[in-house]
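The values are calculated or read from the model by the stated rules, or taken from the named source; none is laboratory data. Owing to the predicted nature of the structure, the values given are computational and were not obtained by experimental measurement. Every residue, glycine among them, receives a Cβ derived from its backbone with ideal geometry; neighbour counts consider all protein chains shown.
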Amino acid sequence: MSSSATATRSMAMSAPAKERDSVAEVMGASMVGTAIEFYDNYCYSIAAASYFGTIFFTDVAKSDPLLATIMAFVTFAVSFIARPFGSLLFGHFGDKLGRKKTLVVALMMMGIATFTVGLLPGYEQLGTLAVVLLCVCRACQGIGLAGEWSGAALVATENAPAGKRAVFGAFPNMGAPIGFFLAYGINLLLDTNLSSDVMVAWGWRIPFLLSAVLVIVGLVIRLRMSETPVYKKAAAEHRTSRTPLRDLRHYWKQVVLGMCAISVTYTLFYSLGTWSLAYGVKSLGFSQSEYLSMELFAVLFFAAFIAVGCFAADRFGRKRTLYTATAAMLVFSLVCPQLLTGTQNFAGVLAFLCVGFSIMGALFGPCGAYLPELFPAKVRYSGSGLSYNLAAVTGGAFAPTIATALVTSFGIQALGWYLGVMAVIALVALCFIRESKDVDYEA
């Protein structure tokens with residue numbers, strides 16, 4: 001047994017009488033990191049859709065702006081490709097040494113990488129090296145992000161009272177609309193008050209630099225939180241693993257099924273938030289501020305249906321709730337292309353965004369409970385994190401790029417084909433996932 005593991009177990013056994021943090025402390029500790037995660041991702045997605053083609057692919061943008069945008073979306077994918085490696089790294093330490101320390105390190109790595117993006121010179125200053133540095137920062141973002149969600153979900157659910165794991169699992173996921181709202185709100189404010197030339201010159205940097213404020217707040221909250229009672233009990237009973245990744249090989253089916261079930265969530269998320277922004281401005285005749293305003297309104301539906309999905313998952317079960325939401329996603333894939341036609345079709349686009357984000361919330365909310373429930377405590381951080389972050393690759397990494405390429409080649413109906421295929425994959429995976437509403441979470 002390693003000295004670090006022994007020390008961790010000793011601290012767990014000699015822990016103070018406080019068994020768990022208060023509900024407010026659990027909510028803050030689990031929500032803040034996810035809010036920063038989605039703030040970072042959406043600041044980057046807005047910049048990739050609107051500015052990075054010009055700033056980092058300047059020569060290409062002069063002759064083919066659409067190709068430059070696609071190349072910017074490829075850099076967006078770098079973070080997702082790095083995430084499975086980050087989930088293995090942080091999952092190992094999260095299961096071996098505890099949730100708290102791992103989450104603090106993940107948050108710092110994520111925050112430093114995002115802040116650095118705001119300092120990078122563009123192609124005109126450094127040439128190809130600027131793109132390389134951008135990709136390095138994006139990869140570091142992905143590695144830090146990978147350790148964030150699963151740890152935050154465990155902080156919430158391992159502190160949950162009986163029968164309320166999905167509701168507590170909503171805490172980290174509610175950080176997503178908060179991060180979305182902050183990212184789009186700040187960008188809308190900048191876009192309204194600064195000219196497009198100023199935004200390209202330096203205005204795009206401001207949201208990335210402001211992330212430092214969120215990270216400092218997050219670190220203060222995280223450093224004050226306690227280790228989760230489930231992990232402390234497992235450590236005291238010597239049920240933690242010295243080699244979580246080696247033990248995880250016995251649960252590869254759960255990893256694959258979890259990945260397939262949640263991939264559609266990422267595809268829908270980045271089709272709504274990233275691809276549709278570029279498409280709405282360049283093909284439907286909206287201004288950037290008009291489209292951002294509609295997305296800010298629609299994200300309220302996202303937040304509301306995270307709560308709806310989690311309450312339903314605790315009352316009716318995970319599978320029944322997810323079947324319903326995924327079936328709704330399949331229906332949505334058949335009708336959504338008709339909503340994205342014409343010029344400045346406010347009603348159609350607003351319906352596309354509001355209905356899409358409602359379904360997204362119902363899908364995303366319960367995953368904070370059902371993904372960790374697929375795995376025992378000794379590999380829960382590693383297993384849920386790997387499932388979640390592999391889904392980020394298969395469902396989200398190239399979603400804006402794939403959607404752009406499909407719609408360019410085959411028309412707007414191809415978006416529906418793409419979303420429909422991902423929904424069918426999720427439905428098949430759900431057939432093989434066991435109901436976990438009443439699973440023993442301390443096992």
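Remarks
- Which listed residue is crowded, with 20+ Cβ neighbours inside 10 Å and modelled with pLDDT under 90, from 147, 169, 179: 147
- Verdict on residue 222 being buried (at least 16 other Cβ atoms within 10 Å of the Cβ) and either of a type in the set (A, V, I, L, M, F, W, C) or out of contact with any Asp or Glu (no Cβ under 7 Å at 6 or more places or on another chain) (or both): yes
- Per the listing 299, 308, the residue uniquely assigned to a helix (DSSP H, G or I) and either in contact with a Gly (Cβ under 8 Å, 6 or more places away or on another chain) or of a type outside the set (A, V, I, L, M) (or both) is 308.
- Hey, residue 253 modelled with pLDDT under 95 and of a type in the set (Lys, Arg) or not: no
- The lone criterion from (1) in a helix (DSSP H, G or I); (2) in contact with a Phe, Trp or Tyr (Cβ under 9 Å, 6 or more places away or on another chain) left unmet by residue 252 is number (2).
- Yes/no for residue 230 being within 22 Å of the chain's Cα centre (by Cα) and closer than 30 Å to residue 379 by Cβ: no
- Against the numbered list (1) under 30 Å from residue 289 (Cβ atoms); (2) surrounded by fewer than 22 Cβ atoms within 10 Å (Cβ to Cβ), residue 161 comes up short only at (1).
- Scanning the range 56-76 for residues that are crowded, with 23+ Cβ neighbours inside 10 Å and part of a helix (DSSP H, G or I), we see that the one that is modelled with the highest pLDDT is 56.
Residue by residue, here is whether (1) over 20 Å from residue 422 (Cβ atoms); (2) surrounded by fewer than 24 Cβ atoms within 10 Å (Cβ to Cβ); (3) touching a Lys or Arg at 6+ places or on another chain (Cβ under 9 Å) holds:
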| site | (1), (2), (3) |
| --- | --- |
| 242 | yes, yes, yes |
| 247 | yes, yes, yes |
| 273 | no, no, no |
| 286 | yes, yes, no |
| 316 | yes, yes, yes |
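- Test: residue 163 is of a type outside the set (Val, Ile, Thr), in contact with a Gly (Cβ under 6 Å, 6 or more places away or on another chain) and either more than 27 Å from residue 86 (Cα to Cα) or modelled with pLDDT under 90 (or both): no
- Residue match in the range 396-413 (condition: hydroxyl-bearing (Ser, Thr, Tyr), within 24 Å of residue 246 (Cα to Cα) and surrounded by 21 or more Cβ atoms within 10 Å (Cβ to Cβ)): no
- Extreme residue, nearest to residue 28 (Cα to Cα), among residues of the range 205-235 that are not small (Gly, Ala, Ser) and not in a helix (DSSP H, G or I): 225
- Qualifying positions in the range 334-354 - among the β-branched types (Val, Ile, Thr) and either loosely packed, with under 15 Cβ neighbours inside 10 Å or touching a strand residue (DSSP E or B) at 6+ places or on another chain (Cβ under 9 Å) (or both): 335, 341, 343
- Residue within the range 331-347 that is outside any helix (DSSP H, G or I), closer than 26 Å to residue 166 by Cα and among the polar types (S, T, N, Q) present: no
- Failed item, numbered, when residue 331 is tested on (1) of a type in the set (A, V, I, L, M); (2) touching a residue at least 24 places away in the same chain (Cβ under 8 Å); (3) farther than 26 Å from residue 183 by Cα; (4) surrounded by fewer than 20 Cβ atoms within 10 Å (Cβ to Cβ): (2)
- Look at the range 364-393: where a residue is closer than 17 Å to residue 147 by Cβ and a partner is outside any helix (DSSP H, G or I) and aromatic (Phe, Trp, Tyr), sitting 6+ places away or on another chain with Cβ atoms under 7 Å, you get 383/375; 384/375.
- Test result for residue 284, assigned to a helix (DSSP H, G or I) and either without any contact (Cβ under 8 Å) to a residue 24 or more places away in the chain or of a type outside the set (Asp, Glu) (or both): no
- Single unsatisfied condition, residue 246 versus (1) free of Cβ contacts under 8 Å to residues at least 60 places away in the same chain; (2) more than 24 Å from residue 100 (Cβ to Cβ): (2)
- Meeting the requirement of 1 or more residues that are within 23 Å of residue 365 (Cα to Cα) and more than 19 Å from the chain's Cα centre (by Cα), the helices (runs of 4 or more DSSP H) wholly within the range 90-197 are 99-117, 165-193.
- Residue check for residue 363: among the aliphatic types (A, V, I, L, M) and surrounded by fewer than 24 Cβ atoms within 10 Å (Cβ to Cβ): no
- Top-ranked residue in the range 58-115 [being touching a Cys at 6+ places or on another chain (Cβ under 8 Å) and β-branched (Val, Ile, Thr); ranked as nearest to residue 401 (Cα to Cα)]: 75
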